[in-house]
């Protein structure tokens, strides 16, 4: 059996108003941005808005052009470039949002590897920088800071050929395994 819910009086409600959905989701959050980083914060918000406004949709494919291999190849190239661009935009949005969160948390401008302040010139050039120049060098030496480069563009026919090669290699390995197994059993 459940206990009865408590009755809230009007006085209690004024002193402790109920949370709204926006409060719960953090949309009414009042963050304290230090004056030192307020210009960077505004710059990062503008960059975020610019990146979010980009059209990251893929171009429509047209069946009429598929009759001509040249048109089909050009259309595929356009589609691949659009996907690469969308991927790069998403990565940039993530970097900018991370920088905004660091400002809100009070950790902006501090190298994530060395714990030392990030150079002011670096933050002016790359406001979403995570590392100082020294930290960036350390990260690159260890391979930690290296981002995946943009993916190589392949045509569908190259991908199909690569898949066929892989299945052919797998069949060859299966044949070798079977012959080795037969030799062991016979031997």
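The values are calculated or read from the model by the stated rules, or taken from the named source; none is laboratory data. A quick note: this is a predicted structure, and the numbers were derived from the prediction, not measured. Every residue, glycine among them, receives a Cβ derived from its backbone with ideal geometry; neighbour counts consider all protein chains shown.
Scanning the range 103-126 for residues that are within 22 Å of the chain's Cα centre (by Cα) and either touching a residue at least 12 places away in the same chain (Cβ under 8 Å) or exposed (fewer than 13 other Cβ atoms within 10 Å of the Cβ) (or both) returns 103, 104, 105, 107, 108, 109, 111, 112, 113, 123, 125.
Looking across 74, 19, 86, one residue alone is more than 30 Å from residue 139 (Cβ to Cβ), at pLDDT below 90 and not in a loop (DSSP other than H, G, I, E, B). It is 74. For the structure I just gave you, tell me whether residue 51 is within 21 Å of the chain's Cα centre (by Cα), at pLDDT below 95 and not in a loop (DSSP other than H, G, I, E, B). When the stated conditions are applied, residue 51 passes them.
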